[in-house]
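Okay, so here's the structure we're looking at.
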Amino acid sequence: MPSKEELLKEANSSSDPKRAEALYREILASPLSEHASVEEKEAELRHQEAALIKLGELYRDQNNAKGVAEVINLSRGFVSSIAKAKTAKLIRTLLDCFNSIPDSQKIQMDVLHENIEWAKREKRIFLKHSLETRLVGLQLDTQQYKPALALIETLLTELKRLDDKMVLTEVHLLESRVYRGIGNLAKAKAALTSARTAANSIYCPPHLQARLDLQSGILHAEDKDYTTAYSYFYETFENLSTQDDPSALGALKYMLLCKVMLNLPEDVTSLLSIKLASKYAQLRDVESMRAIARAHQKRNLADFEKALRDYRQELSSDPTIRTHLSALYDTLLEQNLLRIVEPYSVVEIEYVAQQVGQDRQAVELKYAAPAVYMPDAVADIPSPRQNRLSQMILDKVFHGVLDQGRGCLLIFEEPEADRAYGAAIDTLEQVGKVVDSLYAKTVKLA
């Protein structure tokens, strides 16, 4: 009968996935030799561990999420004979196989729940915390904010008792991202401050530091402080680029977004010419931001909408970019509307709509947060419609009245404030003071 080592070599060299799978399973099913020496048993355990990982990678390459889940369940019987630290590393390695499998979040969450319960029964506390942290990240990605916050609360209580600063930093960072997801920026900032406080007392790995800087930049951008946000995004980009991390592209897109939001679209080209950014310059994600910058520089609404339509996936998949471009689209549309109506005292709404290249409904109706910010796009988040021109009048962008009967907009000159009323009130106040003074004197004389 061939040894585990021979089976492993044969499986690794096999070009037939089914044959390789059968060999890996044979290695895992065969028991350890009872009469083997300690060194031989350790070697057999190493071969079984390698077979587990290889089998997981095989299923990963086949996009077989259920197969990966089965391998993780198989590993639970195997890990009882190895060190606890090695157990955690093995399970984390197998869980990473899910990352490249599309639409595997549901299966991954089920596997995590099962393994968390197993870790509780086996009293493997640190493994449980690691798995729960990963589960929170998945719940955040799938927008399950309520269960994520409940799990975070439990995790923080246990981690503070154990004083595990590294995991505490990660959990506080996840807490900040969850609160930002539900729109509670005050608590998001407080959680990020807690994460930085915990990180300052330990050696913070570069990848974790980059995630902290990225979250700081996102929160500053939410406050419209794009200058500070840009500096944080640059730190993140520089950090991730030196590690050849693919998520550096996201930080670069945020940097370009900040330049556009700061009304500096001309800086986008110069920014992409620096050494670290040059290798990303030809990618479609970067080209989408370049197209947005060109449209913004020209103040051309049609070009802006064309960029949003051509790069729909790149610009609408990220909620941060989606939110800020929505605000930018509203601003650009209002600027175009203002430029068109300013020369007139009376102008037809239909004419205004033609000038901005949209139908009348698109001009009059405002979506607070459209999915891709185009007139024909379906909003992801339902929001109340507001008359755009009416809103501009209420915000005192210009002075006018909408005549719905005639379908016209009447524009007035800015009315001059009549100072006579204010002067009259000031005079009456002074007269009142004089009367009070005279009354006080008469009381003294009496």
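The values are calculated or read from the model by the stated rules, or taken from the named source; none is laboratory data. Because the structure is predicted, anything quoted here is derived from the model rather than measured. Cβ sites come from the backbone with ideal geometry, for glycine too, and all protein chains shown count toward neighbours. For the accessible areas, the whole protein counts, side chains as well, though only heavy atoms, and no ligand, DNA or RNA atoms are used. Shrake-Rupley method; radii C 1.70, N 1.55, O 1.52, S 1.80 Å.
Among the conditions (1) modelled with pLDDT of 80 or more; (2) within 27 Å of Asp403 (Cα to Cα); (3) of a type outside the set (Lys, Arg), Gln313 misses just one, which is (2).
Can you tell me which residue among Leu140, Leu173, Leu131, Leu135 is part of a helix (DSSP H, G or I) and without any contact (Cβ under 8 Å) to a residue 40 or more places away in the chain?
Checking each option against the conditions leaves just Leu135.
Restricting the first member to segment 144-159 and to residues that are among the aromatic types (Phe, Trp, Tyr), and the second to residues that are open to solvent by 60 Å² or more (accessible area, probe 1.4 Å), the beta-carbon pairs closer than 6 Å and six or more apart or on different chains are Tyr145/Ile182.
Considering segment 261-350, the qualifying helices (runs of 4 or more DSSP H), each wholly inside and each with 3 or more residues that are in contact (Cβ under 8 Å) with a residue 12 or more places away in the chain and open to solvent by 20 Å² or more (accessible area, probe 1.4 Å), run over 284-298, 301-310, 312-316, 319-341.
Residues in segment 176-197 that are open to solvent by 60 Å² or more (accessible area, probe 1.4 Å), within 17 Å of the chain's Cα centre (by Cα) and within 17 Å of Arg211 (Cα to Cα): Arg177, Lys189.
When residues in segment 60-77 are screened for being in a helix (DSSP H, G or I) and surrounded by fewer than 21 Cβ atoms within 10 Å (Cβ to Cβ), 8 of them pass.
Of all residues in segment 395-430, which are open to solvent by 80 Å² or more (accessible area, probe 1.4 Å), aromatic (Phe, Trp, Tyr) and not in a strand (DSSP E or B)? Once the filter is applied, which keeps residues that are open to solvent by 80 Å² or more (accessible area, probe 1.4 Å), aromatic (Phe, Trp, Tyr) and not in a strand (DSSP E or B), segment 395-430 yields only Tyr421. Condition check for Ala148 on (1) among the hydrophobic types (A, V, I, L, M, F, W, C); (2) modelled with pLDDT of 85 or more; (3) open to solvent by 60 Å² or more (accessible area, probe 1.4 Å): one failure, at (3). Tallying residues that are in a loop (DSSP other than H, G, I, E, B) and either under 14 Å from Ala248 (Cα atoms) or in contact (Cβ under 8 Å) with a residue 24 or more places away in the chain (or both) within segment 189-205 yields 3. Of the candidates Glu42, Glu26, Glu57, Glu5, the single residue that is touching a Leu at 6+ places or on another chain (Cβ under 7 Å), open to solvent by 30 Å² or more (accessible area, probe 1.4 Å) and in a helix (DSSP H, G or I) is Glu26.
Given the condition open to solvent by less than 60 Å² (accessible area, probe 1.4 Å) and farther than 30 Å from Ala327 by Cα, answer yes or no: does some residue in segment 225-237 qualify? So far as segment 225-237 goes, no, none of its residues is open to solvent by less than 60 Å² (accessible area, probe 1.4 Å) and farther than 30 Å from Ala327 by Cα.
Taking the options Leu208, Leu240, name whichever one is surrounded by fewer than 22 Cβ atoms within 10 Å (Cβ to Cβ), among the aliphatic types (A, V, I, L, M) and assigned to a helix (DSSP H, G or I).
That would be Leu208, the only listed residue that is surrounded by fewer than 22 Cβ atoms within 10 Å (Cβ to Cβ), among the aliphatic types (A, V, I, L, M) and assigned to a helix (DSSP H, G or I).
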